Amino acid sequence: MAHKKSAGTTKNGRDSNPKYLGIKLTPGSRAKIGSILVRQRGTDILPGEGVSMGKDHTIFAIREGVVKLTYKRKTHFDNSVMKKKVMSVNVPA
């Protein structure tokens, strides 16, 4: 016969590993070919010139240059207008 009461089960006893999302190269810094600029879920930041997007929405450089962050006005299907961030890599002058 047990002399201690057993502990009840819990429904929140798990945790996921960190995904390390966010901006990896800040605007104004130099990027090499293939260097990752942003890791993101969805298209929070859109790719611009000199930049491409992977299948997991990772933005990476396809040429060397200086990282630049601008804004672009996007119109949705319901005619609402949003400002989206656009990251690009420009060749220095």
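Here, each number is a calculation from the coordinates, and none is a lab measurement. Computed from a prediction, not measured in an experiment: that's the story for all the values here. Virtual Cβ from ideal backbone geometry, glycine too; neighbours counted across all protein chains shown.
Largest first, the extents of the alpha carbon coordinates of the chain on the three principal axes equal 82, 39, 21 Å.
Full extension of the chain between residue 80 and residue 32 gives 13.6 nm of extra length, using 0.36 nm per residue less the Cα-Cα distance. Hey, how many Å between the Cα centroid of the range 32-55 and the Cα centroid of the range 69-86? Cα centres, the range 32-55 to the range 69-86: 17 Å. As a proxy for reagent exposure, ranking 57, 3 by other Cβ atoms within 10 Å from fewest up yields 3, 57. Amide hydrogen proximity for residue 51: with H placed 1.01 Å from N in the peptide plane, the residues at 5 or more positions away or on another chain lying under 5 Å are 62, 89. Each residue in 78, 56 was given a count of other beta-carbon atoms within 10 angstrom of its own, and listing them fewest first yields 78, 56.
Between residue 44 and residue 14, the FRET efficiency from the beta-carbon distance, with R0 = 25 Å, is close to 0.40. Spin-label model, residue 6 to residue 73: label points 7 Å out along the Cα-to-beta-carbon direction sit 6.6 nm apart. Packing here is the average count of other Cβ atoms within 10 Å per residue, and on that basis the peptides 33-43, 61-71, 6-16, highest first, run 61-71, 33-43, 6-16.
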